[in-house]
Amino acid sequence: MTLLDSVKNTFVPIHREGYPFIAAFAAATLFLGYFSSILFWIGLILTAWCVYFYRDPERVTPVDDRLVVSPADGVISAVGPAVPPSELGLGSGEMTRISVFMNVFSCHINRAPVRGRITRIEHKPGKFLNAELDKASAENERNGLVIDSPNGTIAAVQIAGLVARRIVCWAETGGTIAIGERFGLIRFGSRVDVFLPSSAVPRVAVGQTAVGGETVLAEFGGTAVTPLVRVS
């Protein structure tokens, strides 16, 4: 490994979605710095935070169709039965819901919890309550992906929060997605819910820290066929 490779590996990549915001923060910092050194330093700190917020680190995702991985970095805020959002068309019965809450310092890149075909994507306008509240699942603005996986239908729902006002989704209905593949992000602090069939066994507890694309949230039994491709 060369010195240049070592330097590159030291720095975490920044997602392109963040470039306009980082540029805006930097420009505002220079402008304010013309009038006040204190404002310059405050702006510099905020610019550094913006760079940190849009980091997009590589992840090593376990390649096993029996596993469900975390769609986001954050803290597990709920594990238990819940009715999925009605717009997803998954019925009125309860599914196993696992929620991951992201604060403003979490990496906000969202990743697919399983592989499969995306059969539905629905955006629902709503409120901007604290994403840690249980009622945020039903009342907040959200965007849901329904994935036809080897173990049944699974949904990942991006939920806007008190500070987060912008949900971004790059996935498309009818396309396929790999486990751990990036599909969107939320600005700036929010939550992602994963709805699973009752056959899934949760492997996390409330309060546990999750790493998007790596932490195993739940596990299915059986011997589902596992692909050879790994997404980083």
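The values are calculated or read from the model by the stated rules, or taken from the named source; none is laboratory data. Note that the structure is a prediction, hence the values are computed from the model and not measured. In this analysis, Cβ positions are derived from the backbone assuming ideal geometry, glycine residues included, and neighbour counts consider all displayed protein chains. For the accessible areas, the whole protein counts, side chains as well, though only heavy atoms, and no ligand, DNA or RNA atoms are used. Shrake-Rupley method; radii C 1.70, N 1.55, O 1.52, S 1.80 Å.
Note on surface exposure: Val216, Val157 rank Val216, Val157 by accessible area, highest first, 1.4 Å probe. Counting only protein heavy atoms and a probe of 1.4 Å, the accessible surface of segment 43-112 is 64% carbon and sulfur. The Cβ shell under 10 Å around Ile177 holds other residues with a net charge of +2, Lys and Arg each +1, Asp and Glu each -1. Accessible surface of Tyr19, taken over heavy atoms with a 1.4 Å probe and every protein chain present, rounds to 130 Å². Measuring only protein heavy atoms, the 1.4 Å probe finds His123 accessible over about 90 Å². Accessible-area rank, largest first, for Thr153, Thr215: Thr153, Thr215, with all protein chains present and a 1.4 angstrom probe.
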